[in-house]
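A.B. asks: Please read through the structure below; I'll follow up with questions.
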Amino acid sequence: MKTRVVLADDHQLLRQALRRALEDADFDVVGEAGDGEEAVRCVAATMPDLVVLDVTMPVLDGVEATKRIHASWPSVAIVVLTMHAEDTLKAQALRNGASAFLTKDSAMNDLVATVRAVASGEQLSSELASHMVREFQPLVGASLGPSWRTAGDAREPDRNGTGISPLTPREEEILQLIADGRSTPEVARELFISAKTVKNHLASIYAKLDARDRTQAVLSAVRSGIVRLQ
């Protein structure tokens with residue numbers, strides 16, 4: 001089944017170029033929008049798998065549109081289009097539920113590759129990871145929450161901790177590798193397990209952390225102190 005995509009950008013020529021590139025790559029573009037409010041309505045009407053969304057749009061900007069889409073349809077992945085100098089907006093979009101960033105001067109094959117990676121959930125991009133580090137810089141290198149220790153397969157707080165991690169030690173190990181930028185095959189090779197086993201662990205991690213994809217899972221785990229960003 002083809003991945004269903006909605007495109008949202010106030011520049012029609014760019015939308016047309018994006019549509020051609022994605023359709024040529026066998027994606028199904030099910031809707032287009034010229035502003036943020038129209039993007040939210042289009043998602044409600046078409047229920048896509050993924051949205052490619054410009055940050056700077058009229059009526060409702062992409063950051064707020066990302067927030068509304070993520071709040072109403074958390075299963076919909078969001079790729080945000082940005083300009084180079086929009087680091088603050090990138091951070092806001094990340095907090096609001098974006099799964100990836102793409103600069104507007106990127107080549108079309110880079111856009112297609114990014115959309116494909118987000119749709120498959122195969123890897124946390126290095127750019128997104130670097131923005132996570134900057135976003136959580138005051139917390140990186142320090143404890144983000146209770147410190148965890150292992151008691152068999154159960155997770156218990158240490159004497160200074162106050163909470164319980166929902167993840168098993170293996171799940172934490174896998175999620176840390178994901179946070180470090182490893183792809184599913186790379187995690188499998190490093191841990192001497194199959195890619196299918198990694199995917200099964202990731203499905204369990206997503207369910208436990210109430211996350212749609214690895215980006216949300218890493219963010220949740222960073223906030224809870226389960227994994228660290230390098």
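A.B. asks: Do you know which residues across the range 6-22 are among the small types (Gly, Ala, Ser) and either at pLDDT below 95 or more than 20 Å from Ala77 (Cα to Cα) (or both)?
C.D. replies: Ala17, Ala21
A.B. asks: Against the condition crowded, with 21+ Cβ neighbours inside 10 Å, touching a strand residue (DSSP E or B) at 6+ places or on another chain (Cβ under 7 Å) and at pLDDT below 80, how does Ala98 come out, does it pass?
C.D. replies: No; evaluated as a whole, the condition is false for this residue.
A.B. asks: Of all residues in the range 1-44, which are out of contact with any helix residue (DSSP H, G or I) (no Cβ under 9 Å at 6 or more places or on another chain), of a type in the set (A, V, I, L, M, F, W, C) and buried (at least 19 other Cβ atoms within 10 Å of the Cβ)?
C.D. replies: Within the range 1-44, just Cys42 meets the criteria.
A.B. asks: With respect to the numbered conditions (1) within 30 Å of Met83 (Cβ to Cβ); (2) at pLDDT 75 or above; (3) surrounded by 15 or more Cβ atoms within 10 Å (Cβ to Cβ); (4) among the charged types (D, E, K, R), which one is the sole condition not fulfilled by Lys208?
C.D. replies: Unmet condition: (1).
A.B. asks: Would you check which residues across the range 56-71 are within 15 Å of Met83 (Cβ to Cβ), surrounded by fewer than 24 Cβ atoms within 10 Å (Cβ to Cβ) and of a type outside the set (Ser, Thr, Tyr) and list them?
C.D. replies: Answer for the range 56-71, where residues must be within 15 Å of Met83 (Cβ to Cβ), surrounded by fewer than 24 Cβ atoms within 10 Å (Cβ to Cβ) and of a type outside the set (Ser, Thr, Tyr): just Asp61.
A.B. asks: Hey, among Val187, Val222, which residue is within 22 Å of Ala91 (Cα to Cα), buried (at least 18 other Cβ atoms within 10 Å of the Cβ) and touching a helix residue (DSSP H, G or I) at 6+ places or on another chain (Cβ under 9 Å)?
C.D. replies: The unique qualifying residue is Val222.
A.B. asks: Just to verify a result, which residue in the range 174-230, among those that are without any contact (Cβ under 8 Å) to a residue 24 or more places away in the chain and within 14 Å of the chain's Cα centre (by Cα), is nearest to Val76 (Cα to Cα)?
C.D. replies: Looking at the filtered set, the residue picked out is Ala211.
A.B. asks: If only one of Val6, Val43 is closer than 27 Å to Asp210 by Cβ, under 19 Å from the mean Cα position of the chain (by Cα), of a type in the set (A, V, I, L, M) and not in a helix (DSSP H, G or I), which one is it?
C.D. replies: On inspection, the qualifying residue turns out to be Val6.
A.B. asks: Moving on. Val52 versus (1) within 17 Å of Ser106 (Cα to Cα); (2) hydrophobic (A, V, I, L, M, F, W, C); (3) not in a strand (DSSP E or B): which is the lone unmet condition?
C.D. replies: Checking Val52 against (1) within 17 Å of Ser106 (Cα to Cα); (2) hydrophobic (A, V, I, L, M, F, W, C); (3) not in a strand (DSSP E or B), the one that fails is (3).
The values are calculated or read from the model by the stated rules, or taken from the named source; none is laboratory data. Source: prediction; values computed, not measured. Backbone-built Cβ (ideal geometry, glycine too); neighbour counts: all protein chains shown.
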